[in-house]
Amino acid sequence: MSKVLGIGSIFPEFSKTACVEIDVDAPGKEFTTIDNSYIKGKWAVLFWWPKDFTFVCPTEIAEFNNNFDEFDDRDTVLLGASTDSEFVHLAWRRDNENLRDLKFPMIADTSKTLAEELGILAEPEKVAYRATFIIDPDGIIRWVSVNDLNVGRNVQEVVRVLDALQTDELCPCNWKKGEKTLNETLGL
């Protein structure tokens with residue numbers, strides 16, 4: 001793995017095809033192009049998984065989807081991505097009952113250029129680690145979490161960290177939305 005692009009870095013420029021729909025009655029609407037303009041001026045959470053048609057990945061994708069409204073309520077764009085193609089994403093969504101009604105795009109980084117630039121490709125297979133990036137409205141990476149290939153992540157922790165970042169205040173360990181920040185406690 002190369003060095004993971006970290007906190008304070010500008011999120012790279014990208015333009016990728018994404019699977020956004022599985023409606024077989026509306027052919028041609030399954031795919032769209034997603035680029036930086038999709039997240040410009042907004043908070044964004046972009047999470048990666050290693051491979052479609054695997055075991056841990058759909059549990060995470062479904063859980064992010066179950067929490068879609070949590071992100072939406074925070075004016076945050078949610079995006080998922082892997083190095084599989086948009087056609088594989090489409091087939092997987094049609095095949096897996098838990099993925100049929102996704103509310104967010106599944107980005108296809110088939111060239112692996114974005115994953116490589118982010119530094120999240122696992123050797124030797126060159127699939128993405130389970131990486132999560134929170135990006136602020138200025139396009140700055142504010143949080144990165146990378147899990148090994150076989151360990152799923154905790155979506156509630158992503159929401160908690162997003163809440164903390166959006167306060168722009170000092171937030172203690174285990175802080176949750178609605179609790180006092182250190183700024184309030186210390187009178188800062």
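The values are calculated or read from the model by the stated rules, or taken from the named source; none is laboratory data. The model shown is predicted, which means the values in this text are computed figures rather than measured ones. All Cβ positions, glycine included, derive from the backbone under ideal geometry; neighbour counts span all protein chains shown. These accessible areas exclude ligands, DNA and RNA; they are computed on the full protein's heavy atoms, side chains included. Shrake-Rupley method; radii C 1.70, N 1.55, O 1.52, S 1.80 Å.
General observations
- ³J(HN,Hα) computed for each position of segment 120-127 - Karplus, 6.51 cos²θ - 1.76 cosθ + 1.60, integer Hz, glycine/proline x: 10, 8, 7, 8, x, 7, 6, 10
- Ranked packing of 166-179, 39-52, 142-155, most packed first, by mean Cβ within 10 Å: 39-52, 142-155, 166-179
- Under the Karplus curve 6.51 cos²θ - 1.76 cosθ + 1.60, θ = phi - 60°, whole-Hz ³J(HN,Hα) for segment 140-152, x wherever Gly or Pro sits: 9, 6, 10, 7, 9, 9, 10, 9, 4, 4, 9, 10, x
- For segment 81-188, diffusion coefficient by Stokes-Einstein and Kirkwood Rh (Cα), 25 °C, 0.890 mPa s, µm²/s: 150 µm²/s
- Helices assigned as whole DSSP H runs in the chain whose Cα atoms extend at least 18 Å along their own long axis and whose mean Kyte-Doolittle hydropathy is 0.0 or higher are found at 155-167.
- The residues of the chain present an accessible area of 51 Å² per residue when probed at 1.4 Å with all protein chains retained.
- Subtracting the Cα-Cα distance of Gln166 and Leu186 from their residue separation scaled by 0.36 nm leaves 5.3 nm.
- Surface composition of segment 36-188: carbon and sulfur atoms hold 48% of the protein heavy-atom accessible area at a 1.4 Å probe.
- Sorting Leu78, Leu5, Leu186 on solvent-accessible area from highest to lowest, probe radius 1.4 Å, gives Leu186, Leu5, Leu78.
- Structural size metrics of the chain, computed from C-alpha coordinates, are Rg and Dmax of 16.7, 58 Å.
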